[in-house]
Amino acid sequence: MKYVDEYRDGALARSIAAGIAREANPNRTYRLMEFCGGHTHAISRYGLEDLLPVNVRLIHGPGCPVCVLPMARVDMAIACSRLPEVTLAAYGDLMRVPGSGGSSLLKAKAEGADIRMVYSTLDAIRIAEAEPGREVVFFAIGFETTTPPTALAIRSAEKKGLKNFSILCNHVMTPPAMRAILDGASEGDATPVLIEGFIGPAHVSTVIGTHPYEPFARDDRKPVVIAGFEPLDVAQAILMLVRQINEGRAEVENQYIRAVTPSGNLKAQAEVAAVFETRESFEWRGLGFLPRSALKLRPEFAAYDAELRFGLAEALAKDNPACECGTILRGAKAPRACKLFGTVCTPDTPMGSCMVSPEGACAAHWTYGRFRERARADRRKEVA
Ligand code: SF4
């Protein structure tokens, strides 16, 4: 397999689906969490759930960087963007994430804040070089995949002697979030979600490798299969998980062998470790404050830390009480369970972060899955 079409081959997908149907024990339910929003997107876009037996259930996880960003950090970015000397550089899917009181970066921009959409950290560096009179702050978000480029941007700014570049750091880590989900950490709901296996994130694992997932298999007896983002990748990972569960195995397996190795990208890891250190605690939307789950700049890079540079303080901010993003992000509910889904809340009028990013579960369901879910629920009823 070399080309993308081969990872979307319908005949092969049906043959893997037949294998899952053959091997899944009809007398039990398989509850598998796809951690990553990229997988949620692929599952919804290619209708993978339609191919599965009704007792193989996929639970959406918190691996969407925009979705897990708490409102307080969005508010902090908005406050930063309103400083007269600041130009805030942000990825496009952050622009409409709701902050407190219906605010967003997009609204702040409309009100006069200098906020610019960028495609990469290098774009932000270029703005800082071109406009030495502006303080350019890069709104850095994401899991282990996007942390190395931010580390490189800091190195680049250092090398170029840029004095007007800094980052608002919100980089988070995957294994602590998986641990929190298994331990049932959440905002106000301590009931753990029953999960029997994880489809592990592809791009994150190209950086961190497969080793960091071993405690979940060894200590929690939860199998993990690292999978790519194409539909056949995900289908094959589901089959691998069903097999592990049937055989009573709990191992870390790597479906995404074309890019992931056990140790990951050591160079990227070293670069990240040189620039960042672990925060004692960080707030995640839906999961609350998780210990040692996020990164901040090391003291030697304090000059590039926008929080210190501009004295940005984090205020407490409460999500819209009707929005179920928190419960959806920890797998306790599906998007359709939210009363606002598809009525008040749509991609054009997002009330929560899960409807903003294409990787968000609500946006993925709205775009691809909202007509399918009823049919699947009916199938479940028929089987019952
Ligand atoms: S549908 Fe909208 S309001 Fe409901 S959980 Fe999703 S993002 Fe929040």
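Restricting attention to the range 118-162, the residues being in contact (Cβ under 8 Å) with a residue 40 or more places away in the chain and part of a loop (DSSP other than H, G, I, E, B) number 6. Look at the range 228-243: where a residue is free of Cβ contacts under 8 Å to residues at least 60 places away in the same chain and more than 15 Å from ASP50 (Cβ to Cβ) and a partner is open to solvent by less than 10 Å² (accessible area, probe 1.4 Å) and outside any helix (DSSP H, G or I), sitting 6+ places away or on another chain with Cβ atoms under 7 Å, you get ALA237/ILE199; ALA237/VAL225; ALA237/ALA227; MET240/VAL225. Within the set of pairs 6+ apart or on separate chains, which have a first residue in the range 193-211 that is touching a residue at least 60 places away in the same chain (Cβ under 8 Å) and more than 25 Å from ALA332 (Cβ to Cβ), a second that is in a loop (DSSP other than H, G, I, E, B) and of a type outside the set (Ser, Thr, Tyr), and C-beta atoms under 6 Å apart? Pairs that qualify, where the first residue is touching a residue at least 60 places away in the same chain (Cβ under 8 Å) and more than 25 Å from ALA332 (Cβ to Cβ) and the partner is in a loop (DSSP other than H, G, I, E, B) and of a type outside the set (Ser, Thr, Tyr), are THR206/ALA259; THR206/VAL260; VAL207/GLU144; VAL207/GLY264; VAL207/ASN265; ILE208/GLU144; ILE208/GLY264.
In the range 352-372, the residue that is farthest from the ligand (Cβ to nearest atom) out of those that are farther than 19 Å from ARG285 by Cβ, touching a residue at least 12 places away in the same chain (Cβ under 8 Å) and open to solvent by 20 Å² or more (accessible area, probe 1.4 Å) is ARG372.
Restricting to the range 296-324, name every residue that is more than 22 Å from ILE78 (Cβ to Cβ) and surrounded by 18 or more Cβ atoms within 10 Å (Cβ to Cβ). Within the range 296-324, PHE301, GLU324 meet the criteria.
Hey, can you tell me all the residues within the range 77-99 that are under 23 Å from the mean Cα position of the chain (by Cα), within 16 Å of LEU312 (Cα to Cα) and outside any strand (DSSP E or B)? Lay out the reasoning, then the answer.
The first filter runs over the range 77-99 and keeps only residues under 23 Å from the mean Cα position of the chain (by Cα), leaving 77-78, 88-99.
Checking the rest, the ones that are also within 16 Å of LEU312 (Cα to Cα) come to 77-78, 88, 99.
Scanning the range 77-99 gives ALA77, ILE78, GLY99.
Residues that are within 12 Å of the ligand (Cβ to nearest atom) and more than 25 Å from ILE59 (Cβ to Cβ) within the range 308-327 are absent altogether. The residue that is modelled with the lowest pLDDT, counting only those in the range 335-382 that are among the small types (Gly, Ala, Ser) and under 16 Å from the mean Cα position of the chain (by Cα), is SER357. Taking the numbered list (1) surrounded by fewer than 19 Cβ atoms within 10 Å (Cβ to Cβ); (2) under 26 Å from CYS325 (Cβ atoms); (3) polar (S, T, N, Q) in turn, THR40 passes all entries but (1). Within the range 100-121, the residues that satisfy the criterion of being under 22 Å from the mean Cα position of the chain (by Cα), open to solvent by 30 Å² or more (accessible area, probe 1.4 Å) and among the hydrophobic types (A, V, I, L, M, F, W, C) are LEU106, MET117. In the range 127-146, of all residues being touching a strand residue (DSSP E or B) at 6+ places or on another chain (Cβ under 9 Å) and open to solvent by 50 Å² or more (accessible area, probe 1.4 Å), the one that is farthest from ARG82 (Cα to Cα) corresponds to GLU129. Filtered by the rule that a residue be in contact (Cβ under 8 Å) with a residue 24 or more places away in the chain, more than 8 Å from the ligand (Cβ to nearest atom) and open to solvent by less than 80 Å² (accessible area, probe 1.4 Å), the range 328-351 gives LEU329, ARG330, GLY331, ALA332, ALA334. In summary, helices (runs of 4 or more DSSP H) completely within the range 193-278 and bearing 1 or more residues that are under 20 Å from MET173 (Cβ atoms) and open to solvent by 20 Å² or more (accessible area, probe 1.4 Å) occur at 202-208, 214-218, 266-275. For ARG57, are the conditions met, namely being surrounded by fewer than 21 Cβ atoms within 10 Å (Cβ to Cβ), in contact (Cβ under 8 Å) with a residue 12 or more places away in the chain, part of a strand (DSSP E or B) and in contact with a helix residue (DSSP H, G or I) (Cβ under 8 Å, 6 or more places away or on another chain)? Spelling it out, it is not the case that ARG57 is surrounded by fewer than 21 Cβ atoms within 10 Å (Cβ to Cβ), in contact (Cβ under 8 Å) with a residue 12 or more places away in the chain, part of a strand (DSSP E or B) and in contact with a helix residue (DSSP H, G or I) (Cβ under 8 Å, 6 or more places away or on another chain).
The values are calculated or read from the model by the stated rules, or taken from the named source; none is laboratory data. Because the structure is predicted, anything quoted here is derived from the model rather than measured. Note that we place each Cβ from the backbone using ideal geometry, even for glycine, and neighbour counts take in every protein chain shown. Each accessible area value is taken on the protein alone, full model and side chains, heavy atoms only, with ligands, DNA and RNA left out. Shrake-Rupley method; radii C 1.70, N 1.55, O 1.52, S 1.80 Å.
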